[in-house]
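A quick write-up on the structure given underneath.
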Amino acid sequence: MDLRVGVVTDTPLGPERFLSAYTTLRLGGPAGTVTTAVHTDEAVGAVRAATASGRRLLVLAGGSNVVIGDDGFDGEVLLLRTRGVEVTGEDASGVLVRVAAGEPWDDFVGYAVSSGLSGVECLSGIPGAAGSTPIQNVGAYGQEVAHTIEAVHAYDRRADEIRVMTPEECRFGYRTSVFKHDDRYLVTAVDFRLSRSGDSAPIRYAELARSLGAAAGDRVPLRQARDTVLKLRAGKGMVLDPEDRDTWSVGSFFTNPVVPAAVLESIGEAPNWPGADGTVKLPAAWLIEHAGFPKGFAGDGVAISGKHTLALTNRGSGTTTALLDLARTIRDGVRARFGVELHPEPVLIDCAL
Ligand SMILES: Cc1cc2nc3c(=O)[nH]c(=O)nc-3n(C[C@H](O)[C@H](O)[C@H](O)COP(=O)(O)OP(=O)(O)OC[C@H]3O[C@@H](n4cnc5c(N)ncnc54)[C@H](O)[C@@H]3O)c2cc1C
């Protein structure tokens, strides 16, 4: 893994300053400056300098979980482009793999699958960088990174030191962690503990099990798990494809709301996942559809994806203002119909819902 000092390059004024160039929504106005860090020391140096000078700094990796206002970000944007995957140890409990924060996540998953390392195969096809996965405890098809993260290496702006954080310190929850909505830490690398096995971790997600012709709890060959997940995701517009505007999104725009069981009783027949503490998780997509917002429901240059009710997409001529108007209409409609509050999953930068 290459973690040496390199050169921070200032992007010249021009279209590159428009943050729409760096987000999967292709939305976001201009930044004050845009710099690129290809080595960890550069990234830490940029964050340290911004802290010392009091300048605003926004770290962007894949730009697949941010909504940035049309007026842009009046500060420094740091594009994280550090790369590297390195096996750092192996014992009876697994193989430790250290991944640089800027490493494209799906490249790492592909590497794990082709190396016979099991534990992240169901997270195939998720856009963005490896270092971003702890931020919201990325999850899909029955796996989340909290299952395999051994440690997160992070620069702590407050203490001005690099820390190696345990999963407990990361406080992983459903699409959240200590890192989300807080710029105290710059994640520099993540250690994953994977199992040396040609087979997947036990399949936990019913739709995936059905597609695999397997039962819940079965293991299947890693490659089969990855290919099946990629196929399922592509059918929902959940794999980036520049030609397909159903993928010009942040993935799911809303998290699935977790509510007291009594709320479910007032709704009646709705699919749900019971929690341990008298709560239930409701599928936001079901609530949205049943509140009268079908796939393809459109705003001004923006629309609900034609393939997935939870994805709000830019059709090419959209703006962040229009996207948030659409999100507000949906959120208010669901609240009026079911009395349930939907919350955005992406990080909103210099804009609000
Ligand atoms: C088509 C599509 C499908 C998706 N499917 C899923 C899915 O199945 N499951 C899921 O959980 N998510 C999904 N997402 C959301 C997104 O891909 C993930 O959250 C991803 O981990 C974001 O990575 P990124 O590099 O793009 O982060 P960015 O969008 O660049 O950043 C997101 C936030 O993290 C911060 N950040 C980024 N890197 C660092 C760092 N190194 N240190 C500190 N802060 C940092 C940023 O400042 C920002 O606040 C999907 C998105 C799209 C577009």
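The values are calculated or read from the model by the stated rules, or taken from the named source; none is laboratory data. None of these values were measured; they are calculated from a predicted model. Every residue, glycine among them, receives a Cβ derived from its backbone with ideal geometry; neighbour counts consider all protein chains shown. Quick note on the areas: whole protein, heavy atoms, side chains included, nothing else; ligands and nucleic acids left out. Shrake-Rupley method; radii C 1.70, N 1.55, O 1.52, S 1.80 Å.
Structural remarks
- Lys231-Ser266 FRET efficiency (beta carbon distance; Förster radius 41 Å; 0.05 resolution): 0.65
- Annotation: lysines with alpha-carbon distance below 20 angstrom to Lys295 (same-chain offsets under eight excluded): Lys231, Lys236, Lys307.
- Charged-residue dipole, Cβ positions (Lys, Arg, Asp, Glu), the chain about Cα centre, Debye nearest 20: 460
- For the set Met238, Met165, the ranking by accessible area, highest first and with no ligand, DNA or RNA atoms included, is Met238, Met165 under a 1.4 Å probe.
- Protection-proxy order for peptides 208-219, 129-140, 270-281, each taking the mean of Cβ atoms within 10 Å per residue, highest first: 129-140, 208-219, 270-281
- Ranking Ala159, Pro283, Thr321 by Cα position along the charge dipole of the chain, where only Lys, Arg, Asp and Glu carry charges on their C-beta atoms, puts Pro283 farthest toward the positive end.
- If you take all other residues with their beta carbon under 12 Å from the beta carbon of Leu58, and give Lys and Arg +1 and Asp and Glu -1, the sum is -2.
- Kyte-Doolittle mean at least -1.0 and Cα axial length at least 18 Å: DSSP H helices in the chain: 40-53, 222-235, 320-338
- Taking Val87, Val44 and ordering them by how much accessible surface each has at a 1.4 Å probe, largest first, produces Val87, Val44.
- The chain - percent of accessible surface contributed by carbon and sulfur, probe 1.4 Å: 51
- Among Glu103, Glu168, Glu86, the sequence by solvent-accessible area, most first, with a 1.4 Å probe is Glu168, Glu86, Glu103.
- According to the Cα-based calculation, Rg over Rh for the chain is 0.96, with Rh computed by the Kirkwood formula.
- Point-to-point label distance, Ser53-His343, nm (Cα→Cβ direction, 7 Å offset): 3.5
- The value obtained for region 139-253, namely the Cα convex hull volume divided by the number of residues, is 135 Å³ per residue.
- For region 45-170, the per residue solvent-accessible surface stands at 36 Å², with DNA, RNA and ligands left out and a 1.4 Å probe.
- With DNA, RNA and ligands ignored, accessible area of Asp300 (1.4 Å probe; Å², nearest 10): 120
- As a calculated quantity, the FRET efficiency between Gln224 and Asp107 at R0 = 25 Å, using C-beta atoms, amounts to about 0.80.
- Spin-label zone in region 156-182 - amide nitrogen under 18 Å from a point set 7 Å from the Cα of Ser93 along the C-beta vector: 164-172
- Length released on extending from Asp325 to Asp41, taking residue separation times 0.36 nm less the Cα-Cα span: 98.2 nm
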